[in-house]
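The values are calculated or read from the model by the stated rules, or taken from the named source; none is laboratory data. Just so we're clear, the structure is a prediction, and the values are computed from it rather than from any experiment. Quick reminder, even Gly has a Cβ in these numbers, built from the backbone with ideal geometry, and neighbours come from all protein chains shown.
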Amino acid sequence: MASFGNFRSNLVLWLGIVVLAAILALMGVEVVVSQQDSKDQITTNFAARGEASAEFISTFISQQAQKEGASAKRFLSGRRGLSAEFARTVVRFGSGAAVLLDGDGRLLAVAPNDPSIIGQRIAPKYPHLRAAERGHVAVSGVVSSAAKGEPVIGIAIPYATPRGRRVFSVAYQASGTVLASFINHTSVLKGHKVLLVDSSGNVIADSSRSGAATLAKSSPALAEAVAKAPQGSVTIGSKASTYLARAVPGTPWRLIVAVPDDELFASIGGATEWLPWVTLVLIALLGASALVLLARSRAAHARARELTTQLALAARTDPLTSLPNRRALDEQVIRALAYARRHGIQLSALMIDLDNFKQINDS
């Protein structure tokens, strides 16, 4: 009976150990799964941030193109005093390089000034100028400026004048633009690498400020990985990293971001090692991680909503005056007409051009 009692006690003890081990194992599996889910969520947020950054750059370039077009129509549509107006217009954009082409693609003006090339057709050397000659707003990759041959990026704007179509293109050194500042401030984690490159892999902006002219020279491993897939894992130096590459809409550019995994997933590291010994601490850590992830998710969604609001506002306002544009007016008119029809009332509208800007728009 004593042996049976000992056997029964041992059996209960072993069953208890097995049950406890099973509970710990299940909790461990749950933690591993939860940790993987957390990694997936962080990776998703990482990708969303890349998308939002690419959209921001696209919006900035679009607004810059609109400003160029408005200035060109206002100041560069005539012939008298064209050289002086051209020089002043280029200075307004904080650039030292630009070209103005006539309807036949010949140079009317160039900055820095070089009389020896006035009248020449330079568009065949520049894809973005050829596209603008065909009537399309175009953004270049890294090209050599017409006057000095310095590496620049250009935004070419076609516009109509009483003397036919003209093309105005301002060239910018990326290191001195808002883009470079944005790229530098995007790099907030240790080892965080952010680059803006053109379709040929030429570097427009680089958070590491390495001075490398191409992605392949800046980071050969990253260049090879991006060529194979737009998102994934890569070893940079001796560190495993997660990277993504996103096209910038409306440009021939790509935004490339790479972050070491130990920095990207720092908030959830080491949890599985503590599980067998400090379950309660593990649960607390998981709860804290969940709160961190929730906060990051909310921040990402808030940023996405903010960008959506900014884009919606940009679509309905004039970039020069910040006043409602034609699209906003059309929407207001449609709503007013619908309200009048629904209630059977008459509708009258009075439009007053307070600043005589309609004359500029009509020209």
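Do you know which residues across the range 33-75 are among the hydrophobic types (A, V, I, L, M, F, W, C) and within 27 Å of residue 198 (Cβ to Cβ)? If you could, list the steps in order and put the result at the bottom.
Filtering the range 33-75 for residues among the hydrophobic types (A, V, I, L, M, F, W, C) gives 33, 42, 46-48, 52, 54, 56-57, 60-61, 65, 70, 72, 75.
Answer for the range 33-75, where residues must be among the hydrophobic types (A, V, I, L, M, F, W, C) and within 27 Å of residue 198 (Cβ to Cβ): 46, 47, 48, 52, 54, 56, 57, 60, 61, 65, 70, 72.
Taking the numbered list (1) within 19 Å of the chain's Cα centre (by Cα); (2) at pLDDT 75 or above; (3) not aliphatic (A, V, I, L, M) in turn, residue 217 passes all entries but (1).
Quick grid of which residues meet (1) in contact with a Lys or Arg (Cβ under 9 Å, 6 or more places away or on another chain); (2) at pLDDT below 70; (3) part of a strand (DSSP E or B):
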position: 184; (1), (2), (3): yes, yes, no
position: 189; (1), (2), (3): no, yes, no
position: 197; (1), (2), (3): yes, no, yes
position: 203; (1), (2), (3): yes, no, yes
position: 208; (1), (2), (3): yes, no, no
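Of all residue pairs spaced 6 or more apart or on separate chains, those with beta-carbon atoms under 7 Å, a first member in the range 104-117 that is under 16 Å from residue 76 (Cα atoms) and a second member that is assigned to a strand (DSSP E or B) and at pLDDT below 90 are 111/97.
Return a yes/no flag: does the range 69-79 have any residue that is modelled with pLDDT under 90 and not hydroxyl-bearing (Ser, Thr, Tyr). Please lay out each step first, then the result.
Looking only at the range 69-79, we keep the residues that are modelled with pLDDT under 90, and these are 78-79.
Of the ones still in play, those that are also not hydroxyl-bearing (Ser, Thr, Tyr) are 78-79.
Yes, the range 69-79 contains at least one residue that is modelled with pLDDT under 90 and not hydroxyl-bearing (Ser, Thr, Tyr).
Hey, any hits in the range 233-244 for a residue that's part of a loop (DSSP other than H, G, I, E, B), under 15 Å from the mean Cα position of the chain (by Cα) and in the same structural domain as residue 53 (by TED's automatic domain parsing)? No, the range 233-244 has no match at all.
Among all residues of the range 78-88, there is none that is surrounded by 14 or more Cβ atoms within 10 Å (Cβ to Cβ) and on the phi > 0 side of the Ramachandran plot.
For every residue, the table says whether it meets (1) modelled with pLDDT under 90; (2) out of contact with any strand residue (DSSP E or B) (no Cβ under 9 Å at 6 or more places or on another chain); (3) outside the structural domain of residue 202 (by TED's automatic domain parsing).
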{"residue": "113", "(1), (2), (3)": "yes, yes, yes"}
{"residue": "121", "(1), (2), (3)": "no, no, yes"}
{"residue": "125", "(1), (2), (3)": "yes, no, yes"}
{"residue": "132", "(1), (2), (3)": "no, no, yes"}
{"residue": "135", "(1), (2), (3)": "no, no, yes"}
{"residue": "140", "(1), (2), (3)": "no, no, yes"}
{"residue": "151", "(1), (2), (3)": "yes, no, yes"}
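The set of residues from the range 298-322 being modelled with pLDDT of 70 or more and hydroxyl-bearing (Ser, Thr, Tyr) comprises 308, 309, 317.
One line per residue, one yes/no per condition, for (1) of a type in the set (A, V, I, L, M); (2) assigned by TED's automatic domain parsing to the domain that holds residue 246:
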| site | (1), (2) |
| --- | --- |
| 58 | no, yes |
| 83 | no, no |
| 101 | yes, no |
| 110 | yes, no |
| 143 | yes, no |
| 162 | no, no |
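One residue stands out among those in the range 32-60 that are buried (at least 19 other Cβ atoms within 10 Å of the Cβ) and among the aliphatic types (A, V, I, L, M): the one that is modelled with the lowest pLDDT, which is 42. Only residues that are part of a helix (DSSP H, G or I) and surrounded by fewer than 19 Cβ atoms within 10 Å (Cβ to Cβ) were counted across the range 210-232, and they come to 8.
So is residue 141 closer than 16 Å to residue 172 by Cβ and of a type in the set (Gly, Ala, Ser) or not?
It is true that residue 141 is closer than 16 Å to residue 172 by Cβ and of a type in the set (Gly, Ala, Ser).
Between 140, 71, which is in contact with a His (Cβ under 6 Å, 6 or more places away or on another chain) and crowded, with 19+ Cβ neighbours inside 10 Å? From the options 140, 71, the qualifying one is 140.
Sort out which residues of the range 99-108 are over 15 Å from residue 148 (Cβ atoms) and not charged (D, E, K, R), and write them in order of number. Spell out the reasoning first.
Step one: filter the range 99-108 for residues over 15 Å from residue 148 (Cβ atoms), giving 100-106, 108.
Those that are over 15 Å from residue 148 (Cβ atoms) and not charged (D, E, K, R): 100, 101, 103, 105, 108.
Go through the range 226-242 and count every residue that is under 30 Å from residue 128 (Cα atoms) and free of Cβ contacts under 8 Å to residues at least 24 places away in the same chain.
Narrowing the range 226-242 to residues under 30 Å from residue 128 (Cα atoms): 226-231.
In the following step, the residues that additionally are free of Cβ contacts under 8 Å to residues at least 24 places away in the same chain were identified as 227-230.
Looking only at that region, the number is 4.
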